[in-house]
Amino acid sequence: MPALFETSDLVVRDLHHTEVPLLQALFEANPDYFLLVGGQPPRRDEAQREFDELPPAPLAFGRKWTAGIFDRQEDLHGLLILVSDLCAVGVWHTALFFLAKPLHGTGAAARLHLALENWAKGAGARWLRLGVVSGNAAAERFWSKCGYLEVRTREITNASGQTKTTRVLVKPLAGGTISEYLQLMPRDAAGSTLP
């Protein structure tokens, strides 16, 4: 499959449904994210769920990418789930940006994010949006360094029944302001009760 984008050492491309078992093996070999965010290891069908899941029915969107992050030898090292035009044209949502632990601290995430920004902007994204769980200190630091700003928080019950606070973060790609973003996405205004 052709690459969506790449860095000097990694290639991001759509996953084929036949590669879901590779993704499941990656999740099981790197359970820290699932333990921190969900309170339990990845489920036996975690990869299939991620592959199949779409935004909730009331939320309009353009396209969903479930993309593997591969090295040049075609070994899978991560997953990017991205949704275009979530609720508004130009608002792109990063649902998951997952890298295997051996890539942590290598600069791979920063290089991938820069390549993602450039690709998304070229495809019409004006804003990148994501959620990060409060207490996931490494992720919170990373997204802050990438230039994301918090617009609201939400309480979410995770897979193990724990309530976690998710910070909704936004990054403008085309020079817009947060107030302009919130005009497009009133659900992300502080105090909003919309999901």
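Throughout, read-outs are computed from the coordinates displayed, never taken from laboratory work. Just so it is clear, the structure is predicted and the values come from calculations on it, not from any experiment. We place every Cβ from the backbone using ideal geometry, glycine too, and count neighbours over all the protein chains shown.
Let me test this: with uniform point scatterers at the alpha carbons of the range 127-195, what is the Debye-based log₁₀ I(q)/I(0) at q = 0.16, 0.17, 0.24, 0.25 1/Å?
-0.56, -0.63, -1.09, -1.14
Assign one of three labels to the range 40-166, namely rounded, prolate or oblate, based on the Cα gyration tensor with a ≥ b ≥ c the square roots of its eigenvalues; rounded applies when a/c is under 1.5, prolate when it is not and a/b is larger than b/c, and oblate otherwise.
Details: a/c = 1.19, a/b = 1.02, b/c = 1.16.
The shape class here is rounded.
Please report the net charge: other residues with Cβ closer than 15 Å to the Cβ of ASP75, K and R +1, D and E -1.
Neighbourhood net charge equals -2.
Once Lys and Arg get +1 and Asp and Glu get -1 on their Cβ, which of ILE69, VAL20, GLY105 lies farthest toward the positive end of the dipole of the chain?
Selected residue: GLY105.
Would you work out the relative contact order for the chain, in percent, from Cα pairs under 8 angstrom that are 6 or more residues apart?
17
Could you give the size of the charge dipole of the chain about its Cα centre, using +1 on the Cβ of each K and R and -1 on the Cβ of each D and E, expressed in debye and rounded to the nearest 20?
580
Going toward the positive end of the dipole of the chain, with +1 on Lys and Arg Cβ and -1 on Asp and Glu Cβ, which of PRO2, LEU182, CYS146 do you reach last?
It is LEU182.
Counting only Cα atoms, I'd like the Rg/Rh figure for the range 88-131, Kirkwood definition for Rh.
1.03
If we count other beta carbons within 10 Å of each Cβ, what is the order of LEU36, LEU149, fewest first?
Result, fewest neighbours first: LEU149, LEU36.
Do you know the Lys pair count in the range 3-188 for C-alpha distances under 23 Å, with sequence separation 8 or more or different chains?
Working: LYS64/LYS121; LYS64/LYS171; LYS101/LYS145; LYS101/LYS164; LYS121/LYS145; LYS121/LYS171; LYS145/LYS164; LYS145/LYS171.
Counting lysine pairs in the range 3-188 gives 8.
In deg cm²/dmol and to the nearest 500, what is the mean residue ellipticity at 222 nm of the chain if only DSSP H runs of at least 4 residues count, each as -39500 (n - 2.57), divided by the residue total? Intermediate values should be presented prior to the final figure.
Details: 6 runs with 55 residues, N = 195.
-8000 deg cm²/dmol, from helical runs alone.
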